[in-house]
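Novice: What follows is a structure written as structure tokens; I'll ask about it next.
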Amino acid sequence: MDSGTTPTTPKRVLCIEDEHFISELYARALTKAGYQVDVQLDGQKGLAVAQTDVYDIILLDLMIPNITGIEVLRTLRDPRQTPKMHAKIIITTNLEQREDVRADIEQQADGYLVKAEITPRELVEFLSHLDA
Amino acid sequence: MGYLQSFIRQFRARLFLIILINNALIVADWYIVDQVVKLTGLWALLAISAMPLITLGVIPWLSTNILVQPTKFLWQAILHIAPHTTNDVGAPKLEQLHLGRELVTNLINQVYQLASVVQGVEQSNASPSQDLHTNFVASSLPLPLLVLDKAETIVYANESTSKYLGKPAEELIGQNAYTALDMSFRSDDTLASWLKTSKGKVVTANHKWERVRIGLPGQGDSLLFDLAGYYNRDNPLGYETLLILFDHTEVYAQDDQAMSFVALSVHELRTPLTLLRGYIEVFDEELGPTLNPELKAFMKKMDASAQQLAAFVDNILNVAKIEDNQLTLQLHEENWPNVIETVVRDLSLRAGVRGITIKTDIAADLPPVGVDRYSIYEVLANLLDNAIKYSNGTDEIYVSARLNKEGLVETSVKDFGLGIDGSILPHIFDKFYRNHRNRAQIGGTGLGLYLSKAIVNAHGGQIMVSSKVSEGSTFTFTVLPFTQLADAGKAGATPSVTRNAHGWIKNHSLYRD
């Protein structure tokens with residue numbers, strides 16, 4: 001939650017993304033920018049890690065194995081199921097939604113990015129503006 | 001009438017008899033005192049004064065037992081059927097009645113008849129279903145109709161309900177609406193929340209929900225309905241809430257299928273694109289400084305191509321959405337110069353690799369506009385992309401924006417390239433229209449302008465073109481200042497307006513303007 005006022009502790013990012021090459025690219029760019037990145041390729045495991053570990057930012061794909069990203073988002077946003085949730089949740093997806101569904105998701109998340117429309121550098125830039 | 005006359009005759013006869021008996025008693029009294037016992041003096045006075053005592057005792061006794069009897073039976077009958085009487089009054093025993101039996105029997109029968117009518121009315125009020133069952137419209141309505149009472153219990157379900165929900169309507173009656181029907185709404189706007197806000201605040205209210213999934217607990221299948229609700233507080237018949245269900249399962253399934261094919265294709269195209277753009281960026285950043293100018297230019301071209309492909313994928317998706325009436329715009333108040341500059345910056349790479357500079361000339365007095373940022377971005381990007389493609393070796397493109405005479409914000413993209421022949425100008429906004437003369441040289445799908453027109457129109461604006469062969473083309477489109485849009489959409493003070501390609505949308509249900 002501390003918005004980069006203590007540069008000595010790097011911000012932790014959890015990337016829940018089953019496309020290995022994409023998570024690799026994102027992790028590479030984010031690590032270079034000073035973030036500490038964990039990657040989870042599986043939705044169920046990603047959710048478990050997000051609930052137990054403390055992250056500043058969670059990048060969440062919507063089409064992930066074993067559980068949908070929407071389900072993960074809902075669980076993380078439900079205070080009964082995830083009582084301590086401090087991370088900003090950014091949806092990173094290439095999946096096209098009905099507009100109203102997207103609006104619903106956007107309301108629950110802190111950001112919604114279409115992966116094909118941004119490069120890893122643009123992602124880093126987006127994250128740097130998150131709590132500014 | 002015969003009953004009444006014979007009753008009066010009987011009554012008169014009995015009254016006459018009673019008076020006769022009374023008089024006879026008096027005479028007998030006097031006779032006994034005077035002739036038989038032969039009392040005189042004080043004794044005679046005492047014996048004669050017994051007369052009125054006898055009269056006082058005998059007449060009321062005879063009267064009540066004979067003359068009042070019919071009335072008594074009538075009262076007994078009324079008390080017998082009267083509701084809320086604590087003492088148990090039995091039915092009158094008519095065989096014990098001697099005076100005016102016909103009349104009283106008749107009257108008592110009428111009392112009982114009247115009572116049964118009243119009871120029937122009361123019962124039909126208590127269970128509205130009886131009344132509705134007889135209502136032809138409700139029962140023959142080909143749509144499921146449910147009626148809920150104050151406690152949200154189902155008090156009526158018509159025939160169609162059984163057909164659609166696979167359970168006899170009678171089984172639903174008496175159950176709580178939420179437990180009997182497994183309703184899942186798309187958002188927080190649910191039946192329960194609507195009723196909660198309506199109750200106690202309004203007398204009547206209407207509401208509509210789309211894509212409500214309804215299943216019966218314990219049954220696997222569920223259907224997609226549009227649901228219309230009508231609320232009527234303190235309805236005297238107890239029908240507080242009326243629900244009508246419109247089965248749109250097939251319609252929505254078709255929509256979903258068509259969209260899911262496009263959506264899936266788009267997803268599959270976007271994944272490699274994401275990677276392509278990611279790797280190009282890595283190479284550009286880390287390898288760029290070591291490359292010779294030619295390779296550096298190749299890198300830029302590769303990047304520009306990947307971007308173009310990404311834009312094309314978005315175009316396909318949007319065309320599919322327009323065709324499907326699924327393009328919905330969230331029109332927000334935006335700073336127009338900012339929007340233009342974003343697009344110009346993003347397209348500069350593509351222009352740059354062809355040696356083209358994009359110049360802007362934006363009027364300083366532009367009001368905030370009402371646009372959907374994502375969609376209007378695509379319009380500008382498409383127009384700029386075309387200008388780049390058709391520049392034909394010229395090296396400048398102008399983007400200008402100003403407030404026109406009608407008070408609309410007018411934006412133009414001007415190139416100095418090939419230009420368009422007058423004969424084909426009227427068709428360039430058609431879907432898949434390509435100019436056959438340059439089809440071979442210039443790539444494209446013929447979707448860009450079609451899409452741009454649809455998006456601009458959906459914004460309430462217009463798109464125009466003027467062109468001269470070999471001199472270039474100018475595409476101009478208008479968007480509305482936000483204040484004007486808010487008026488047109490009757491959006492009032494709301495910060496945004498939702499529209500689709502075919503009209504206004506409010507509260508996620510479609511209203512055509």
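Novice: Please go through segment B:274-307 and pick out each residue that is in contact with a helix residue (DSSP H, G or I) (Cβ under 7 Å, 6 or more places away or on another chain) and more than 14 Å from chain A (Cβ to nearest Cβ).
Specialist: B:L291, B:K296
Novice: Scanning for something among the charged types (D, E, K, R), touching a residue at least 60 places away in the same chain (Cβ under 8 Å) and in a helix (DSSP H, G or I), does segment B:296-317 turn up at least one residue?
Specialist: yes
Novice: Identify all residues within segment B:319-341 that are part of a helix (DSSP H, G or I), more than 10 Å from every other protein chain (Cβ to nearest Cβ) and either at pLDDT below 80 or in contact with a helix residue (DSSP H, G or I) (Cβ under 7 Å, 6 or more places away or on another chain) (or both); write none if there are none. Full working, then the answer.
Specialist: Within segment B:319-341, the first condition is being part of a helix (DSSP H, G or I), and the residues that meet it are B:319-323, B:336-341.
Now drop any that are not more than 10 Å from every other protein chain (Cβ to nearest Cβ), which leaves B:319, B:322-323, B:336-341.
Within segment B:319-341, B:V319, B:I322, B:E323, B:V339, B:I340 meet the criteria.
Novice: Got a sec? Which of A:L113, A:L123 is under 22 Å from B:V313 (Cβ atoms), within 14 Å of chain B (Cβ to nearest Cβ), touching a residue at least 40 places away in the same chain (Cβ under 8 Å) and surrounded by 15 or more Cβ atoms within 10 Å (Cβ to Cβ)?
Specialist: On inspection, the qualifying residue turns out to be A:L123.
Novice: Quick one: is B:V313 surrounded by 19 or more Cβ atoms within 10 Å (Cβ to Cβ) and either at pLDDT 90 or above or of a type in the set (S, T, N, Q) (or both)?
Specialist: Criteria not met by B:V313.
Novice: Would you confirm whether any residue within segment B:346-361 is under 20 Å from B:Q462 (Cβ atoms), in contact with a helix residue (DSSP H, G or I) (Cβ under 8 Å, 6 or more places away or on another chain), touching a residue at least 40 places away in the same chain (Cβ under 8 Å) and basic (K, R)?
Specialist: No: zero hits.
Novice: Now a separate question. I'd like the full set of residues that are in contact with a helix residue (DSSP H, G or I) (Cβ under 6 Å, 6 or more places away or on another chain) and not charged (D, E, K, R), limited to segment A:92-108.
Specialist: Of segment A:92-108, the ones in contact with a helix residue (DSSP H, G or I) (Cβ under 6 Å, 6 or more places away or on another chain) are A:92, A:94-96, A:108.
Listed by number, the residues that qualify are A:T92, A:N94, A:L95, A:Q108.
Novice: Show me the helices (runs of 4 or more DSSP H) entirely contained within segment B:140-252 in which 1 or more residues are within 30 Å of A:I105 (Cα to Cα).
Specialist: Details: elements: B:159-165, B:169-172, B:177-180, B:191-198.
The helices (runs of 4 or more DSSP H) meeting that bar are B:177-180, B:191-198.
Novice: Still on this structure: For segment A:58-77, enumerate the residues that are away from chain B (no Cβ under 14 Å) and either among the β-branched types (V, I, T) or over 16 Å from the mean Cα position of the chain (by Cα) (or both).
Specialist: Those that are away from chain B (no Cβ under 14 Å) and either among the β-branched types (V, I, T) or over 16 Å from the mean Cα position of the chain (by Cα) (or both): A:I58, A:N66, A:I67, A:V72, A:T75.
Let's see how each residue does on (1) farther than 18 Å from A:F126 by Cβ; (2) modelled with pLDDT of 90 or more; (3) polar (S, T, N, Q):
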position: A:S3; (1), (2), (3): no, no, yes
position: A:P10; (1), (2), (3): no, no, no
position: A:E19; (1), (2), (3): yes, no, no
position: A:V37; (1), (2), (3): no, yes, no
position: A:L47; (1), (2), (3): yes, yes, no
position: A:I58; (1), (2), (3): no, yes, no
position: A:I70; (1), (2), (3): yes, no, no
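Novice: Within the group B:E102, B:E95, which residue is without any contact (Cβ under 8 Å) to a residue 24 or more places away in the chain and part of a helix (DSSP H, G or I)? Break it down stepwise before answering.
Specialist: Numbers: B:E102 fails: without any contact (Cβ under 8 Å) to a residue 24 or more places away in the chain.
Being without any contact (Cβ under 8 Å) to a residue 24 or more places away in the chain and part of a helix (DSSP H, G or I) holds for just one of B:E102, B:E95, which is B:E95.
Novice: Take B:H248 and decide whether it is modelled with pLDDT of 75 or more and more than 14 Å from chain A (Cβ to nearest Cβ). Can you show your working first?
Specialist: Numbers: modelled with pLDDT of 75 or more: yes; more than 14 Å from chain A (Cβ to nearest Cβ): yes.
Judged against the criteria, B:H248 is a match.
Novice: When the residues of segment B:355-375 are filtered to those that are surrounded by 14 or more Cβ atoms within 10 Å (Cβ to Cβ) and assigned to a loop (DSSP other than H, G, I, E, B), which remaining residue is farthest from the chain's Cα centre (by Cα)?
Specialist: Restricting to residues being surrounded by 14 or more Cβ atoms within 10 Å (Cβ to Cβ) and assigned to a loop (DSSP other than H, G, I, E, B), the top hit is B:I356.
Novice: Inside segment A:78-100, can you point out the residues that are of a type in the set (A, V, I, L, M) and facing chain B (nearest Cβ under 8 Å)?
Specialist: First, the residues of segment A:78-100 that are of a type in the set (A, V, I, L, M): A:85, A:87, A:89-91, A:95.
Matches in segment A:78-100: A:L95 only.
The values are calculated or read from the model by the stated rules, or taken from the named source; none is laboratory data. If you're wondering where the values come from, they're calculated on a predicted model, not measured in any experiment. Positions of Cβ are generated from backbone atoms using ideal geometry, with glycine treated the same way; all protein chains shown enter the neighbour counts.
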